[in-house]
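Report on the following structure.
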Amino acid sequence: MRTSRRWWLVFFLGPAIVLFAAFITYPILSALAFSLYAWEGIGRRGFVGLANFARLFATFPYAGLLVNAFWHNVLVFIATMLLQNVTALGLAVLLARGPWGARGYRVIFFLPVMLSLVIVGFLWALFLNPVFGLVNKVLTLLHAGALARPWLGDASTALLTLIVVNAWRWLGFPTIVFLAGINAVPEEYVEAARIDGAGEWAVLRRIIFPLLAPAVTIIVLLTFIGAFNWFELPYIMQGVSGAPNRATDVLSLLFYRTAFGEVDTGLQDIGIGSAIAVLMFALLLGMSAVGAVLLRRREVELA
C-alpha cells in the first residue's frame, strides 16, 4: 500500500518538481555562478569571486543606479499598500454588507486582473498621452485643464502614475481575498458584539479586522514580492531605461538593462547583472521570511 502511494506521489509531483527545478532552481543557481565570473559580452572569462558585487556597490554608475532603483521599489510597495490594499479593504467591507448588485460589482472589480498586462500597459499609455490622451481630455472637459500634464513624461509624476495604473489593474485581487476573510468571520461573534451594544465601527475594529489577520498576511507578502519584482508594467509603458531620467527605474529594469544591454548603448555586463539578480533574490527571500514570521506571530496574538 505504501509503495503504491509513493508511486502516485512521484507520478503527480514529479512533473511539477522537474519544472520547478528547470525554470526556478537552475536559473537561480546559474545567476549565482555567473555573478562570480568576469564577462566580456556573452563570453565568460576568469573567476573573480565577489568582485562583481564590490563593483556594483562601489563603482560609478552602478552604485547610484542601484540605490535609486531600490528606493523606487520601496516607494512602490508603500504606495501600493496605501492606495491599492486599503481601498480593497474598504470595498470588501462594503461588498460584505450585500448591497444590490454585489455579484456584479465583484466581477467589475476583478475584471482588470484578468486582462493581459501588455494590453493594460498599452491602453493606459494611450489614455495618458499628453496630446490626444483621454485623461487630459476629460480634465479639460471638467474645467480642470490646469491639472493636465505629460503624466508619463514628467519625472515628478511618472512613477506615481505607474503605481496608480498598477493598483487599478490589481485592485480586484485583494478585494476578493479580504471579502473571503470577512465572510469567514463567524456570524455569532458579530451578533454577540451587537447585542453588547457595539456599533458598526466597533464591530469592524474589534471583531472583523483582528480575524482578517491571515488575509492581511497573504496580501502584505504578495504585495512585497510583487513590488520588488516589478518589471512588466514599467517596461511596457516606459521602456527598459526607466524614463524619464531614471524616474521609473526599478531593480528588475536595472538587472535587465545591465545584463542584456540598452537599445541605444548596447553595453552589457552579465557579471554585474547576475549580481543584481542574486541581491534581489536574497532580499526577497530574507524579507519575505522575516515578514511571514512576524505576521504569523501577530495572527496568533490576535487569535
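Using the basic label-point model (7 angstrom from Cα toward the beta carbon), what is the Ile28 to Met287 distance in nanometres?
1.7
Mind giving me the FRET efficiency for Arg297 and Ala16? R0 is 41 Å, r the Cβ-Cβ distance, nearest 0.05 is fine.
0.85
Which percent of Cα pairs goes in each bin when the distances of region 123-208 are cut into 5 angstrom slices starting at zero?
Reading the bins upward from 0: 3, 12, 15, 13, 10, 7, 7, 9, 10, 9, 4, 1.
When the distances between all Cα atoms of region 2-107 are binned every 5 Å from zero, what whole-number percent does each bin get?
Using 5 Å bins, I get a P(r) of 2, 9, 8, 9, 9, 9, 10, 11, 12, 10, 6, 3, 1, 0 for region 2-107.
Bin all alpha-carbon pair distances of region 144-186 at 10 Å intervals from 0 and give each bin's fraction as a whole percent.
So the P(r) values, bin by bin, are 24, 30, 22, 16, 7, 0.
Given only helices, namely DSSP H runs of n ≥ 4 each adding -39500 (n - 2.57), what is the per-residue ellipticity at 222 nm of the chain, to the nearest 500 deg cm²/dmol?
Working: 16 runs with 202 residues, N = 303.
Computed ellipticity for the chain at 222 nm equals -21000 deg cm²/dmol.
Of the options Ala92, Ala227, Ile276, report the single residue whose Cα projects farthest towards the positive end of the charge dipole of region 61-302 (beta-carbon charges: Lys, Arg +1; Asp, Glu -1).
In region 61-302, that residue is Ala92.
Label points 7 Å out from Cα along the Cβ direction at Ala51 and Ala146: separation in nm?
5.9
Report the net charge of residues surrounding Gly172, where surrounding means a beta-carbon distance below 15 angstrom and charges are Lys +1, Arg +1, Asp -1, Glu -1. All intermediate terms of the calculation are to be shown ahead of the outcome.
Working: positive: Arg103, Arg106, Arg169; negative: none.
Combined, the nearby Lys, Arg, Asp and Glu give +3.
Expected output is a single nm value to one decimal: the length gained when fully extending between Phe60 and Ser4, i.e. 0.36 nm times separation in residues minus the C-alpha distance. What is it?
Details: separation 56, 0.36 × 56 = 20.16 nm, distance 5.99 nm.
Difference between extended and current length: 14.2 nm.
How many nm is it between the label spots at Glu188 and Arg97, if each spot is 7 Å from the Cα in line with the beta carbon?
Each label point lies 7 Å from its Cα, and together they span 2.7 nm.
Counting pairwise Cα distances across the chain, what percent come out greater than 31 angstrom? Please list the in-between numbers first.
On the way: 21292 of 45753 pairs.
In whole percent, the long-distance tail amounts to 47.
Sketch the reach of a paramagnetic label on Ala155 as a point 7 Å from Cα along Cα-to-Cβ, and name the residues of region 225-249 whose backbone nitrogen lies under 18 Å away.
Hits in region 225-249 for Ala155 at 18 Å: 238-249.
Throughout, read-outs are computed from the coordinates displayed, never taken from laboratory work. This structure is a prediction, so every number in the text was calculated from the model and none was measured. Because the Cβ atoms are built from the backbone with ideal geometry, glycine has one as well, and the counts that use them run over all protein chains shown.
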